[in-house]
1. Out of segment A:350-360, which residues are more than 12 Å from chain B (Cβ to nearest Cβ), in a loop (DSSP other than H, G, I, E, B) and either touching a strand residue (DSSP E or B) at 6+ places or on another chain (Cβ under 7 Å) or buried (at least 16 other Cβ atoms within 10 Å of the Cβ) (or both)?
2. If you go through segment B:124-133 one residue at a time, do you hit one that is within 14 Å of chain A (Cβ to nearest Cβ), surrounded by fewer than 17 Cβ atoms within 10 Å (Cβ to Cβ) and assigned to a strand (DSSP E or B)?
3. What's the number of the only condition in (1) open to solvent by 20 Å² or more (accessible area, probe 1.4 Å); (2) more than 30 Å from A:GLY49 (Cβ to Cβ) that A:TYR179 fails to meet?
4. Out of the residues in segment B:10-35 meeting the condition of being among the acidic types (Asp, Glu) and either within 15 Å of B:ARG111 (Cα to Cα) or open to solvent by 60 Å² or more (accessible area, probe 1.4 Å) (or both), tell me which one is farthest from the other protein chains (Cβ to nearest Cβ).
5. Report whether or not A:VAL339 is β-branched (Val, Ile, Thr), over 50 Å from the mean Cα position of the chain (by Cα), at the interface with another protein chain (Cβ under 9 Å from one of its Cβ atoms) and assigned to a helix (DSSP H, G or I).
6. Return the residues of segment B:174-207 that are within 10 Å of chain A (Cβ to nearest Cβ), buried (at least 20 other Cβ atoms within 10 Å of the Cβ) and part of a helix (DSSP H, G or I); say none if nothing qualifies.
7. I'd like the full set of residues that are touching a helix residue (DSSP H, G or I) at 6+ places or on another chain (Cβ under 8 Å) and at pLDDT 85 or above, limited to segment B:72-89.
8. (1) of a type in the set (Gly, Ala, Ser); (2) part of a helix (DSSP H, G or I); (3) crowded, with 16+ Cβ neighbours inside 10 Å; (4) more than 9 Å from chain B (Cβ to nearest Cβ): which one isn't true of A:ALA363, the others all being true?
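The values are calculated or read from the model by the stated rules, or taken from the named source; none is laboratory data. As the structure is a prediction and not an experimental result, all values here were calculated from the model. When we count neighbours, we look across all protein chains shown, and the Cβ atoms used for this are built from the backbone with ideal geometry, even at glycine. Heads up: the accessible areas ignore ligands, DNA and RNA and are worked out on the full protein's heavy atoms, side chains in. Shrake-Rupley method; radii C 1.70, N 1.55, O 1.52, S 1.80 Å.
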Amino acid sequence: MKRPSLVKRLSFGLRGRLIAGYLLVAAISVVATAGFTYYQAHISILRTGQDTLLNSLRDATTTFAGDLPYPPTRAQLTSFAGKLASGSGFRIITVSYGAQSVTSAQGGPAIPEPLRRDVTANRELTFQRVTQDGTPWLTAGTPITFADSRQPSGIEVYGATPLRSLSDAKAAVWVASQYGAIPALVLAVPPALLAARGVLRPVRRLQHGARRMADGDLTSRIKATGNDELADLTKAFNESTAALETTVGELRRMEASARRFAADVSHELRTPVATMVAVSDVLDDSADTLQPDISRAARLVTTEADRLARLVDDLMEISRFDAGANTLIAYDIDVAEAVRACLRARGWQDKVSTDLPEPPVTARLDPRRLDVVIANLVGNALRHGAPPVTVRVTASEGDEGCVRINVTDHGGGLSPETAAHLFDRFYKADQARSRSEGSGLGLAIAWENTRLHGGTLTAANGPHGGAVFTAEFPRTPTAGDGT
Amino acid sequence: MPQILLIEDDQSLRDGLQLALEHQGHRVHAAESGHAGLTALRTTRTDLVVLDLMLPDTDGFEVCRRIRASWPVPVIMLTARGDDSDIVRGLDAGADDYVVKPVRGRVLDARIRAVLRGQDPSPATTATEIYEELTVDRSGLSITKNGRRVALTPLELRLLLHLSADPGHVFARQELLETVWGHDPSADVRLVDSGIARLRTKIEDDPASARYIQTARGFGYRFGPL
């Protein structure tokens with residue numbers, strides 16, 4: 001299993017990241033300042049305290065050594081150590097002279113051997129810090145020299161004293177740093193929020209603008225404020241939207257004018273076509289009495305006039321769909337009866353077999369549009385498929401239920417190429433046949449009519465060859481008004 | 001031989017329709033405008049008007065209303081396919097039926113005959129039926145209300161006789177469209193609604209709350225029950 005990356009797990013919103021970044025910078029500043037302050041204070045306190053102690057040890061040794069007889073007795077050494085202990089600031093004083101060694105008080109760390117060697121070798125005041133039981137101690141030692149010859153007398157003074165007071169002072173600085181840092185961090189939050197808001201407001205405006213654009217509102221523009229990078233981004237966004245609006249507007253105008261042209265052409269064709277169709281019967285009825293070639297011409301004219309009329313009708317119908325001018329007049333109808341009526345009206349009862357449900361299935365549909373769908377599907381199956389053609393109606397129950405009308409033929413079926421373009425306007429499956437009997441718009445119109453009901457129209461190949469067209473209607477359409 | 005008044009503004013279509021109707025055996029008087037049509041109605045005996053809704057001078061619907069107001073002559077309107085709102089407005093203006101252009105002469109002739117066709121008299125064995133104030137004489141093809149004869153167009157009479165033949169039975173609108181009007185299923189079912197509305201204004205006391213011809217909401221219409 002792949003673990004989510006750390007970055008992903010820690011990802012917050014832009015606001016969270018901005019505030020976190022701000023606080024992190026503040027925290028780093030505060031910690032660095034406090035740490036540096038503490039370090040400086042630490043060194044300063046240590047050096048000052050240490051120097052004071054060492055100076056007082058040196059002074060006390062110089063002062064009291066003058067009174068010490070030479071060579072001293074053990075009692076004199078003890079007295080000397082006692083005086084030093086009270087006058088030097090060191091808690092424990094050890095005085096050694098050859099093999100003798102006296103100590104003013106018990107406890108404390110032993111004098112470190114390196115210190116002892118340094119004092120003997122260097123003949124000057126030397127110190128070393130040691131730690132005993134967690135407490136830092138300062139140990140120092142100095143040889144006593146003769147005032148006149150500067151020669152070592154062999155007497156050495158060692159002092160040891162705890163540095164607790166210095167530790168306390170350092171602790172106070174540490175606490176002060178902490179107490180200073182916390183308010184600093186707290187005080188950093190409001191400016192962090194303000195800064196985040198300042199950045200986020202234009203970002204949010206951009207977000208809203210992009211969403212409006214995604215919803216299709218290309219007129220949306222965003223107010224650009226200031227001169228920063230976000231203002232530049234906002235301006236760039238506005239320019240892109242304006243360019244897009246222009247392009248889309250141009251495309252829409254071109255498409256609308258193409259559609260209007262198609263609608264206008266078919267409208268203009270309507271009246272002349274109507275005249276031709278009106279007189280067709282006069283020609284047809286007289287054709288038998290005319291000379292053969294005139295009779296053939298007359299029949300050609302009347303046949304083509306009918307076809308032209310169908311084409312103009314279908315073009316007008318498609319134009320109305322394009323213009324969104326078609327509406328549903330839906331009410332509860334018996335779908336099986338609608339199928340029977342459609343076949344009866346066109347004289348197809350004998351050519352088409354039916355498989356209709358018992359009891360009758362009712363659905364809220366527009367009967368005229370349903371008739372168009374059935375007639376186009378059956379007409380298509382009769383023209384392009386092979387018999388037997390079957391119309392089957394099935395239904396699923398419930399409010400969400402739907403009615404399915406299958407039109408099946410037993411022809412060669414559909415090639416993938418044909419199936420993909422079947423519902424395109426003027427699509428011809430058989431390119432060799434330049435014109436079909438229909439207008440070339442029948443299936444496109446059936447598709448639009450099905451969609452107007454909120455249904456679907458699909459085509460596929462049946463399990464035993466041949467094409468199966470399936471129109472599926474919701475039993476209660478999403479649009480339309482019923483009575 | 002029925003006398004038809006054809007009101008159509010486009011000259012070619014007017015000539016074509018006149019030719020087609022005369023070929024079918026009608027006598028046709030053609031008028032090129034609504035105004036000319038109304039004048040012709042005053043001067044010439046007319047059995048039926050074929051009216052194009054798109055007229056230049058007067059609105060076709062207005063011509064239809066004026067005809068309806070002054071003459072008992074049936075009106076068939078010519079409409080363009082898909083102009084559903086025109087069909088509704090035409091029916092509201094009082095048209096009896098509509099035909100969608102382009103139309104073959106034979107089809108228009110069939111429509112005209114359907115509108116003009118009276119009910120074939122039923123066998124004389126059928127007695128006169130009495131429904132409260134309404135008397136239906138199937139053999140005499142007459143309707144009287146409170147003893148006074150109600151003037152119905154042939155279509156309205158056919159509609160009433162069809163509904164009252166099976167009182168209480170609900171007839172679907174699609175069914176009435178096919179049996180009474182003789183339309184195929186692609187016709188506009190609102191034709192039935194407007195026919196029912198016109199029939200109600202003639203036989204009901206209050207067409208808004210009909211007693212004789214009742215609506216079965218979502219299904220159709222029935223005669224009674226009283």
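1. Matches in segment A:350-360: A:LYS351, A:LEU356, A:PRO357.
2. Among the residues of segment B:124-133, not one is within 14 Å of chain A (Cβ to nearest Cβ), surrounded by fewer than 17 Cβ atoms within 10 Å (Cβ to Cβ) and assigned to a strand (DSSP E or B), which makes the answer no.
3. (2)
4. B:GLU32
5. Judged against the criteria, A:VAL339 is not a match.
6. Correct list: B:GLN174, B:LEU177.
7. B:VAL73, B:PRO74, B:VAL75, B:ILE76, B:MET77 - these are the residues of segment B:72-89 that are touching a helix residue (DSSP H, G or I) at 6+ places or on another chain (Cβ under 8 Å) and at pLDDT 85 or above.
8. Looking at each condition in turn, A:ALA363 falls short on (2).
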